[in-house]
1. What number of residues within segment 70-116 satisfy the criterion of being modelled with pLDDT under 95 and in contact with a strand residue (DSSP E or B) (Cβ under 8 Å, 6 or more places away or on another chain)?
2. Within segment 317-355, how many residues turn out to be assigned to a loop (DSSP other than H, G, I, E, B), touching a helix residue (DSSP H, G or I) at 6+ places or on another chain (Cβ under 8 Å) and under 21 Å from residue 292 (Cβ atoms)?
3. Name every residue in segment 90-133 that is over 21 Å from the mean Cα position of the chain (by Cα) and at positive phi, in order of residue number.
4. Among the residues of segment 137-185, which ones are assigned to a helix (DSSP H, G or I) and in contact with a strand residue (DSSP E or B) (Cβ under 7 Å, 6 or more places away or on another chain)?
5. Give 256, 273 a once-over and let me know the one that is free of Cβ contacts under 8 Å to residues at least 24 places away in the same chain and touching a strand residue (DSSP E or B) at 6+ places or on another chain (Cβ under 8 Å).
6. Go through (1) in a loop (DSSP other than H, G, I, E, B); (2) under 19 Å from the mean Cα position of the chain (by Cα) and name the single condition residue 188 misses.
7. Test each condition in (1) touching a residue at least 24 places away in the same chain (Cβ under 8 Å); (2) closer than 19 Å to residue 43 by Cβ for residue 318 and report the one that comes out false.
8. Somewhere in segment 69-83, is a residue closer than 17 Å to residue 206 by Cβ and out of contact with any helix residue (DSSP H, G or I) (no Cβ under 8 Å at 6 or more places or on another chain)?
């Protein structure tokens, strides 16, 4: 029997082999050098409330206007909304939220090089763009709407819990290219596999691409990297998200909690009238504040625990400065998915029998 303790999960030789195979040595060296600085620095997260999505989106970014303009420079801006599927408005980033973000980039003279990119779970992205009212928005601001499935990709590898072997997936180059300034425009939601969806998960699950014609989990011919990254288990899925975060992570994290989702998210939950919006340049700090606003124990999210332990950003709430509204006045307790006990299996030892 193979017995894998949680504290050793990241350090196993198998997973280390996957990391070595998917992360170049030069990148690993840079990440190692940055780890201490990122985990010890104080980060800022902007928090606003209100009754107008577009205004909230614009206002929450204002405190970082100078820093964002400098960080963008001449880079292309890729705004990644959170759509998941078509015809489920509660699961998707509202068009008014995107309008507020575009107005912000217009205000800092960075609108000329903005694209919106998405790869939804099933079918072409254009169906979601049409359903959620993005077409008039793109025409108004003269920004392109991209289906990431139709554009260049890189090959990466993730782990499958059933056989502990690396599996190849195609990952959008738009989201991995560090010459792009990537904005994760997520919606605040609970999740039925990894507890919650915030800025990182929006990117990490949007980045794996699918074949043309992939319209169902039952497809026998077309495949989807979004299914493969789930890894046939809660342990593998959390690890795979952490692993891919080395390549796909927000330069600007934005979470819309105007109307959140609780219960059986990311698509079948119920609305939460929360009226909050958060943003920041340290995506981990934004995740931490988002979880606090949702009343969710951050220790329950395996992929974020791994990211925090390896220094990808500030996850200590005491080292996060809240700009704007006081955090304590806007905390709600989101109802978690019914299968939360099973989701927490990532905390328990992994046992895999094998023939001697």
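1. Adding up the residues that qualify gives 1.
2. Number satisfying all stated conditions: 5.
3. The answer is 109, 133.
4. The answer is 138, 148, 149, 173, 174, 175, 176.
5. 273
6. It fails just one condition, (1).
7. With respect to (1) touching a residue at least 24 places away in the same chain (Cβ under 8 Å); (2) closer than 19 Å to residue 43 by Cβ, residue 318 is out only on (1).
8. Taking every residue of segment 69-83 in turn, none turns out to be closer than 17 Å to residue 206 by Cβ and out of contact with any helix residue (DSSP H, G or I) (no Cβ under 8 Å at 6 or more places or on another chain).
The values are calculated or read from the model by the stated rules, or taken from the named source; none is laboratory data. Small disclaimer: the values here were computed from a predicted structure and weren't measured. Methodologically, a virtual Cβ is constructed for each residue, glycine included, from the backbone with ideal geometry; neighbour enumeration extends over all protein chains shown.
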